[in-house]
Amino acid sequence: MSKVKTEILGPVISDFLKYEATPQTRVAVAAETGTKAGKFVEYPLRGKKLVALTDEADGKVIVQPLNCIIDLSKVADADVKAATTGKTLDALKKEGDAYGIVYQGTPAA
């Protein structure tokens with residue numbers, strides 16, 4: 001009998017991005033080696049952090065900086081608190097609101 005190798009796929013963009021006005025505004029930004037989807041990365045044009053939608057490849061990840069809905073249910077609560085100067089989910093929501101970013105869901109413990 002042959003052995004079947006089971007692979008578990010990581011999260012995909014649609015796990016985090018529930019809606020976007022247009023995919024044409026997605027941006028590749030620099031990220032540390034090994035950054036995974038769902039982690040926050042610096043968006044240099046604003047000096048704020050956004051959720052990485054992809055795993056790091058060639059030193060970059062994809063983010064959606066405008067008019068979108070982000071589901072935080074697969075994002076660690078500690079990452080959410082570290083991503084904003086206010087250290088709270090409400091502060092993150094307020095920062096995103098100015099750019100049409102809506103954060104939904106409860107971050108994972």
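Residues of segment 41-71 with an amide N closer than 14 Å to a point placed 7 Å from the Cα of residue 85 along the Cα-to-Cβ direction: 46-49. Between residue 77 and residue 98, residue separation times 0.36 nm minus the direct Cα-Cα distance comes to 5.4 nm. Residue-wise, which Karplus ³J(HN,Hα) couplings in Hz belong to segment 66-71, taking 6.51 cos²θ - 1.76 cosθ + 1.60, θ = phi - 60°, and x for glycine or proline? Taking θ as phi minus 60°, the curve returns 9, 6, 8, 10, 10, 8 Hz for segment 66-71. Measuring gaps between exposed loop sites in the chain (GluC sites (Glu not before Pro); DSSP loop; at most 11 other Cβ atoms within 10 Å), the longest gap, sites not included, is 33-109.
Mean-square fluctuations from a GNM of the chain, with a 10 angstrom spring cutoff on Cα atoms, peak among 27, 51, 80 at 27.
The trypsin sites (Lys or Arg not before Pro) found in segment 1-103 that occupy coil by DSSP, while having at most 10 further C-beta atoms within 10 Å, are 3, 5.
In this rough spin-label picture, where each label sits 7 Å from Cα along the Cβ direction, the residue 7-residue 19 distance is 3.4 nm.
Sequence-distant or interchain residues sharing an amide H contact under 5 Å with residue 17, placed H: which? Residues meeting the amide H criterion: 71.
Over 29 Å apart at the Cα level, from the set 18/81; 3/74; 3/39; 18/94, are 3/74; 3/39. From the Kirkwood radius over Cα pairs of the chain, Stokes-Einstein at 4 °C and 1.567 mPa s returns a whole-number translational diffusion coefficient of 90 µm²/s.
Values quoted throughout were computed directly from the atomic coordinates according to the rules given, and no laboratory measurement underlies them. As the structure is a computational prediction, the values presented were derived from the model and not from experiment. Positions of Cβ are backbone-derived with ideal geometry, glycine not excepted, and every protein chain shown enters the neighbour counts.
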